[in-house]
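Single-structure report; data block below.
The values are calculated or read from the model by the stated rules, or taken from the named source; none is laboratory data. From a predicted model like this one, the values you see are computed outputs, not experimental measurements. All Cβ positions, even for glycine, are placed from backbone atoms using ideal geometry, and neighbour counts span all protein chains on display. Just so you know, the surface numbers come from the protein's heavy atoms only, side chains and all, with ligands and any DNA or RNA stripped out. Shrake-Rupley method; radii C 1.70, N 1.55, O 1.52, S 1.80 Å.
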Amino acid sequence: MPRALIIGGTGLVGRAAARRLLDTGWSVDVTGRDASHLPSAIADTTFTTADRDDAAALRRALGGGVDLLVDCLCYTPAQARLLLPLMDDVGSTVMISSKAVYVDDHGNHTNSPVAPHFNGPVTETQPTMTAGDGDFQTREGYGANKVAAENLLLDSGAPVTVLRPSKIHGAGALRPREWVFVKRALDRRPAVFLAARGAGTDHTTAAVNLAALIEAVAAHPGRRILNSADPDAPSALEISRAIAHALGHTWTEVLLDETDGNALGAHPWEARYPIVLDMTAAATIGYVPVGDYATTVVDEVDWLVQQVKPAGTGDGAGGVRLPAGLDADFFDGYFDYPREDRYLADHHPDADAG
Ligand SMILES: NC(=O)c1ccc[n+]([C@@H]2O[C@H](COP(=O)([O-])OP(=O)(O)OC[C@H]3O[C@@H](n4cnc5c(N)ncnc54)[C@H](OP(=O)(O)O)[C@@H]3O)[C@@H](O)[C@H]2O)c1
């Protein structure tokens, strides 16, 4: 039985990858800092406590070697360097990077103050940010460090595949962006508000599609870079509709012309120009996506719903709450219901006020 080790295997990407590999005949080990975070969905993996920056712990987790190493926690060149001594005992490696590395003709990227404007779907040959090694937890540092980590691993000459996902959705997300629509559907809100008329497209990546690509890479090891995104690239309006449909809710769509992120109708997929990843290269190694956005987003929606009170009961004036342990701060400002109600009373007096 082939064996895989997933570094950071209890999170959003790790759990989807583990489940996919287990279901296709692999034995899977995962690392993290806390065994109690091992999701029941992947209880049939072996968990090892290993801090990402602890070389000895990584070596212990590797044991006698693995056919596949998946690193979900490679953010810096220093972290990439820690993998190099392990490579002799690894059949092939997958490093999870990000589409945040890509720059447009003016050097703008998805974390720039100025929105990037790509000339169509972005392929893996698109220029990237310059490699850097400052603080990776800054808007400029995130992509620059990812580039440096990618380069270091690819330059090693080992069979390393770098995967560049976009906005990932799935069960286990610390920051489940879809909550902006899931919550308002569970709260049975009469309307959804969408800035820039919901036209924004920032490509989605289902964790299960990324996992399918990891499995395809495992079957075809190689030194390369591949994008990872859903077969469709839904707009925010399409995302809101997919979620309302999944939760059996209907609402009035209030499409606003404002594009200011602080305006009513803000959502996490705002993009001044479409950000779409080209998925041609992945197909050449036999990757077949599990499904489109509307099909795959159900995983995350169900996972969220299982953790909150049943739809319709609400939880005080603010409605249902984000499940414990998730990044509540991220959602500050997305649910100004009193302001929405005032807008509806002024502009859509026919909308059911809930
Ligand atoms: N999420 C996105 O939309 C997105 C988009 C593009 C690229 N990416 C990339 O995808 C990769 C995976 O992201 P993710 O969303 O799956 O992350 P995640 O859900 O936060 O999962 C992180 C995992 O690593 C463990 N962990 C965290 N810090 C650790 C440390 N210092 N030492 C050991 N284990 C640690 C966590 O478990 P414990 O907390 O229990 O340790 C968990 O298993 C990242 O490299 C990210 O750059 C993500």
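For segment 107-166, taking the reciprocal of the average inverse distance between every pair of different Cα atoms yields a Kirkwood hydrodynamic radius of 12.7 Å.
When the Gaussian network model of the chain links Cα atoms closer than 10 Å, the mean-square fluctuations of VAL147, VAL28, VAL308 top out at VAL308. Each of VAL288 and THR123 was given a label point 7 Å from its Cα along the Cα-to-Cβ line. The distance between the two points is 2.6 nm. Once the C-beta distance of HIS220 and ALA55 is scaled by a Förster radius of 35 Å, the resulting FRET efficiency is 0.75 to the nearest 0.05. Each 10 Å bin, from zero up to the one with the longest distance, holds this percent of the alpha carbon pairs of segment 172-213: 20, 42, 32, 6. By DSSP, the beta bridges lying fully in the chain are antiparallel in about 5 percent of cases. Here the label points at ALA328 and LEU84, each 7 Å from Cα along the C-beta direction, are separated by 4.4 nm in the simple model. Taking only the C-alpha atoms of the chain, Rg followed by Dmax gives 20.8, 68 Å.
Give me the Å³ per residue figure for the convex hull around the C-alpha atoms of segment 125-227.
On the way: hull volume 15.4 nm³, N = 103.
Each residue corresponds to 150 Å³ of Cα convex hull volume.
Structure remark: mean-square fluctuation, Gaussian network model of the chain, C-alpha springs under 10 Å; the largest value among ARG224, ARG241, ARG339 belongs to ARG339. If you wrap segment 203-275 in the convex hull of its Cα atoms and look at it from every side, the mean projected area works out to 6.8 nm².
Enumerate by residue number the GluC sites (Glu not before Pro) in segment 219-281 meeting two conditions: DSSP loop (anything except H, G, I, E, B), and at most 16 other Cβ atoms within 10 Å of the site's Cβ.
Numbers: sites: GLU238, GLU253, GLU258, GLU270; in loops: GLU258, GLU270.
Those that pass, being in a loop and sparsely packed, are GLU258.
In segment 73-175, the C-alpha radius of gyration followed by the widest Cα-Cα span (Dmax) gives 14.2, 44 angstrom. Both radii are taken from the alpha-carbon atoms of segment 44-126; with Rh as the Kirkwood radius, Rg/Rh is 1.11.
So, counting K/R as plus one and D/E as minus one, what does the shell of residues with Cβ under 13 Å around ILE275 add up to? Mind showing how you got there, number by number?
Details: positive: LYS99, ARG164, LYS167, ARG272; negative: ASP104, ASP202, ASP230, GLU270, ASP278.
Neighbour charge sum, excluding ILE275 itself: -1.
The share of Cα pairs per 10 Å bin across segment 1-53, counted from zero up to the longest distance, runs 30, 59, 11, 0 percent. Computed over segment 35-92, the P(r) curve from all C-alpha pair distances, binned at 10 Å from the origin, holds 20, 53, 25, 1 percent per bin. Lys-Lys pairs in the chain that are eight or more residues apart or on separate chains and whose Cα atoms lie under 24 Å of each other come to 5.
Tell me the per residue accessible area of segment 86-153 using a 1.4 Å probe; a whole number in Å² is fine. Kindly include the intermediate steps, with their values, before the conclusion.
Details: 3030 Å² over 68 residues.
I get 44 Å² per residue for this part.
With the crude spin-label approximation of a point 7 Å out along Cα→Cβ, what separation in nm comes out for HIS348 versus GLN306? For the pair HIS348/GLN306, the computed spacing is 3.2 nm.
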